[in-house]
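Single-structure report; data block below.
Laboratory data are not the source of any read-out in this text; all were calculated from the coordinates shown. Note that the structure is predicted; figures quoted are calculated from it, not measured.
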Amino acid sequence: LHLIGHLQRNKARLAAVTFSCVQSIDKLATALALEKHLGSMSTEKKLDILLEVNTSGEESKFGIHTKEELFTLVGQIQEQTRLNIRGLMTVGPLTGDRDKIRRAFVWLADLYRQTGKRCPGLALDILSMGMSGDFEIAVEEGSSMLRLGTALFGQRH
């Protein structure tokens, strides 16, 4: 079971117990809260995570903003024993401008490759980008995981 929305730090205990993957980590404090709760469990559970990158620059979106911030966070999370970084994710810009969407996805795909080269100990295998309105572009740019809720289930009411 994957958590695909933003995780508040105060919900980390519930997330650690409930999910096998959290797809939206963008802060060390959230990662450390998950690690703490995983460590207090009686099992040796490890949690897969995706790091969220804000590729659109939109203030309303969560995510890491720079390559340096990403590499720093990766290094800090790699020091934890219960968290397994599986890849990167983004929510593309909310626009009809296909070139702007493509630029955001190209940037994330480039960050994904750079992260893999810089941190060879990581087994990155997930590049999550693309939703119902832009998944074709995401696939063209290398996405390995899509979020297609509206395409599958229709508009929210």
For LYS36, which lysines qualify as cross-link partners when the Cα separation must be under 22 Å and same-chain residues fewer than eight apart are set aside? LYS11, LYS27, LYS45, LYS46
Work out how much length SER42 to THR66 would gain on full extension: take 0.36 nm times their residue separation and subtract the Cα-Cα distance, in nm to one decimal. 5.0 nm
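Stretch GLU58-LYS100 to full length: gain in nm at 0.36 nm per residue minus the Cα-Cα span?
13.9 nm
Using the Kirkwood formula on the Cα atoms of the chain, what hydrodynamic radius do you get, in angstrom to one decimal?
Across the chain, the inverse of the average 1/r is 16.0 Å.
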Restricting to aspartates and glutamates and to Cα separations under 15 Å from LYS117, and discarding same-chain partners fewer than 8 apart, the set is GLU68, ASP125
If you stretched the chain out fully between ALA123 and LEU152, how much longer would it get, using 0.36 nm times the residue separation minus the C-alpha to C-alpha distance? 7.4 nm
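Rounded to the nearest 500 deg cm²/dmol, what is the calculated helix-only ellipticity per residue at 222 nm for the chain, with -39500 (n - 2.57) per DSSP H run of length n ≥ 4?
Numbers: 6 runs with 63 residues, N = 157.
Helix-only estimate at 222 nm: -12000 deg cm²/dmol.
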